[in-house]
Amino acid sequence: MANPVLSTKKSEVGDIRRKNKALILNAAKQEFVTFGYKGASIKRIAERAKIPRANIHYYFDNKEELYQELLNDIVSIWNSKFDSLNPDDDPNVALSAYIRSKVMYSREDPEASRIFASEIIHGAPLINDYLSNDFKVWVQTKVDVIQGWIKQELMDDINPYHLLFLIWGATQHYADFNVQVLAAMDIQEMDESNYEAIVDSITTIVLKGCGVKPL
């Protein structure tokens, strides 16, 4: 029989670890966005998190390991938004939901998008293995779903890869190039109504461009 006291203590320790790692990763996100991977420092990350530097090394051996986990978290969240699709889903509903989730994630966590974009722009040195393996498998499953819709004549015979690239580029633009967007629209910041308009516009353009049948 399990000792309830020990179980409670283990649970508390687990909660503390999760909270500390989340605190460190959040501080690291701000540091990497500001200085990039090469310019970021563990010392400043500790200062941002308001914890001793030794606490960071308790969870992460070095800056590369910390950066790698941050990238893994970003990719995991992005992929989870589009992981449950199958050819039997309605493309109107599925693509609309995916576009909305991507736009809103750009609003809620723009730093994550910028960090990922910076990694790709610099040749993806730390996630090249992921791009060559797991990412390829993930993309192929989504391509298969889209091809399934095409075979069912639920949308036009378009290139599934380019559809995915279009959605990624359009939705992440509002995070990666936010300063440019604000300047073009002549506003100080975007509010909820702006993001709802973005969702509506991209969704309409994508669905009509793909010939997705209306509900």
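Protection proxy ranking, highest mean first, for peptides 92-102, 69-79: 92-102, 69-79, where packing is the per-residue count of other beta-carbon atoms within 10 Å, averaged. When the P(r) of the chain is calculated, the portion above 27 Å amounts to 45% of the C-alpha pairs. Sequence-distant contacts, meaning Cα pairs under 8 Å at least 6 residues apart, place the relative contact order of region 148-215 at 53 percent. For region 65-70, backbone phi angles converted through the Karplus equation (6.51, -1.76, 1.60; θ = phi - 60°) give residue-by-residue couplings of 5, 5, 5, 4, 5, 4 Hz, Gly and Pro being listed as x.
Taking the Cα centre of the chain as origin and assigning +1 to Lys and Arg Cβ atoms and -1 to Asp and Glu Cβ atoms, the resulting dipole is close to 940 debye. For region 155-171, backbone phi angles converted through the Karplus equation (6.51, -1.76, 1.60; θ = phi - 60°) give residue-by-residue couplings of 7, 5, 7, 9, 7, x, 5, 5, 5, 5, 4, 4, 5, 4, x, 5, 6 Hz, Gly and Pro being listed as x. Residues whose amide H lies under 5 Å from that of ILE51, counting only those 5 or more places away or on a different chain, are absent; hydrogens are built 1.01 Å from N in the peptide plane.
Taking every pair of distinct Cα atoms and averaging 1/r, then inverting, what Kirkwood hydrodynamic radius in Å comes out for region 31-116? Write out the running numbers ahead of the final one.
Details: mean 1/r = 0.0666 Å⁻¹.
Across region 31-116, the inverse of the average 1/r is 15.0 Å.
Which order do the peptides 51-61, 168-178, 132-142 come out in when sorted by mean C-beta neighbours inside 10 angstrom, highest first? Walk me through the numbers on the way to the answer.
Details: 51-61: 14.4, 168-178: 17.8, 132-142: 12.7.
Packing proxy ranking, top to bottom: 168-178, 51-61, 132-142.
In percent, rounded to a whole number, the relative contact order of the chain is 23, using alpha-carbon pairs under 8 Å and six or more apart.
Give me the percent of the accessible area of region 97-173 that comes from carbon and sulfur atoms, probe 1.4 Å, all protein chains in place.
On the way: 2150 of 3910 Å².
The nonpolar share, carbon plus sulfur, comes to 55 percent.
In order along region 45-51, the Karplus-derived 3J(HN,Hα) couplings, from 6.51 cos²θ - 1.76 cosθ + 1.60 at θ = phi - 60°, round to 5, 5, 5, 5, 7, 6, 9 Hz, and Gly and Pro are given as x. Based on DSSP H segments of at least four residues, each scored -39500 (n - 2.57), the chain has a per-residue ellipticity at 222 nm of -25000 deg cm²/dmol.
The values are calculated or read from the model by the stated rules, or taken from the named source; none is laboratory data. What you see is a predicted model; the values in this text were computed from it and never measured. Neighbour counts run over all protein chains shown; Cβ positions are idealised from the backbone, glycine included. For the accessible areas, the whole protein counts, side chains as well, though only heavy atoms, and no ligand, DNA or RNA atoms are used. Shrake-Rupley method; radii C 1.70, N 1.55, O 1.52, S 1.80 Å.
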